Amino acid sequence: MSGRFRVAVLGTINRDTVFSSRGGRWEGYGGILYNLLGLSYLGRGGIILYPISNLGEDCWDEVMGIISSIENIKAEGIRKKEAKNNHCVITYGSSGRRREALEGRLPPLKYDDVRSYLQVDLLLVNFISGFDIGLEALKRIRREFEGIIYMDLHSLTLGIDSQGRRFLRPIPQAEEWIAQADILQMNRQEAELLWGGPLRGDEDFLELGRRFLSFRPTLLLVTLGPQGNILLEGDKVFYFPSPNPTPFDDPTGCGDLFTCGFIWEYLGTKDAQRACERANQFVSREELIDQLRSKMRIRGGENQKDGGVS
């Protein structure tokens, strides 16, 4: 694959505390940092990355130290805020069920924060907090941006209570959010929330695709954990099994790494099926996930092997 691609990555860089299903604890940084490190690794000399994010002053030095060490990340779009950074506490149960709480609430990005990056080839909008950017700002970006908008709905599906605990809830104005994307990604739980019940087979997934692709997107990706993913394109459904179907203790960030594999292949080939295969191969490499996470770990925090598709 030759040529240089420009990708802007919009979202939040979290501080993460993760308790795995086996009782391990991991302290580090996450959110769109997974996208940045994953795409940087895959693209090497073929991609330039432009993160667009607000970052709390308490995490500024350490996060910027990580980012500044990577040559193909241009960090001018990261803005220091005089506030505590978002801190996500994630706990996995033995069944793989995830509980999440969020401390801190950095302000959403505005259109003016993004407008200098509207000449890129692809804009990845990854909803890490769920309030990373407002709908009206995103609509304005969509009107003025001629490239691909890749959207991971993720935390748009999460509400937050007075104690910071996250809970699944329908997305307000869901159709309007979806209508801003060319490529839409969600996991099975999020898809079933929007669908209104269990997705039991091809016909349900085809109807899901018809519904969401009618709003604007041309591709819908549904990640299935260690089972792989589903692609809905046109009026067809394609299944792509993972080459490593063993569940990992901590799948945090692996949906973001799936995104990286898909984007890198799709930018070069415009072949969505090939991109799904590449994404599954990338995210199944546990040793590579360990390597990327080692760059994000807070020194002194506990660490253990983790990985998988979320």
Are there any pairs with C-beta distances below 9 angstrom linking a residue in region 37-62 that is over 20 Å from Gln291 (Cα atoms) to a residue that is among the hydroxyl-bearing types (Ser, Thr, Tyr) and at pLDDT below 95, with the two at least 6 apart or on different chains, and if so which?
Gly46/Ser2
For region 239-252, how many residues meet the condition of being surrounded by fewer than 20 Cβ atoms within 10 Å (Cβ to Cβ), modelled with pLDDT under 95 and among the aromatic types (Phe, Trp, Tyr)?
0
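Table: residues versus (1) under 25 Å from Lys139 (Cβ atoms); (2) at pLDDT 95 or above; (3) not aromatic (Phe, Trp, Tyr).
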| residue | (1), (2), (3) |
| --- | --- |
| Glu175 | yes, yes, yes |
| Asp182 | yes, yes, yes |
| Arg188 | no, yes, yes |
| Arg200 | no, no, yes |
| Asp204 | no, yes, yes |
| Thr218 | yes, yes, yes |
| Gly225 | no, no, yes |
| Asn229 | no, yes, yes |
| Val237 | no, yes, yes |
Among the residues of region 263-284, which ones are in contact with a Leu (Cβ under 8 Å, 6 or more places away or on another chain) and over 16 Å from Val222 (Cα atoms)?
Trp264, Leu267, Phe282
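Matching residues to (1) free of Cβ contacts under 8 Å to residues at least 12 places away in the same chain; (2) buried (at least 21 other Cβ atoms within 10 Å of the Cβ); (3) in a helix (DSSP H, G or I); (4) of a type outside the set (Lys, Arg):
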{"position": "Glu100", "(1), (2), (3), (4)": "no, no, no, yes"}
{"position": "Gly130", "(1), (2), (3), (4)": "no, no, no, yes"}
{"position": "Ala137", "(1), (2), (3), (4)": "no, no, yes, yes"}
{"position": "Ser162", "(1), (2), (3), (4)": "yes, no, no, yes"}
Residues of region 218-238 satisfying the condition of being outside any strand (DSSP E or B), in contact with a helix residue (DSSP H, G or I) (Cβ under 8 Å, 6 or more places away or on another chain) and surrounded by 14 or more Cβ atoms within 10 Å (Cβ to Cβ)
Leu224, Gly225
Residue by residue through region 167-187, note down the ones that are surrounded by 18 or more Cβ atoms within 10 Å (Cβ to Cβ) and not in a loop (DSSP other than H, G, I, E, B).
Trp177, Ile178, Ile183, Leu184, Gln185, Met186, Asn187
I'd like the full set of residues that are under 27 Å from Arg165 (Cα atoms), in a strand (DSSP E or B) and either over 21 Å from the mean Cα position of the chain (by Cα) or among the β-branched types (Val, Ile, Thr) (or both), limited to region 34-93.
Ile52, Ile78, Lys80, Lys81, Val89, Ile90, Thr91
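The values are calculated or read from the model by the stated rules, or taken from the named source; none is laboratory data. Not measured: the values here are computed from a predicted model. Counting neighbours? That spans all protein chains shown, and the Cβs are built from the backbone with ideal geometry, glycine included.
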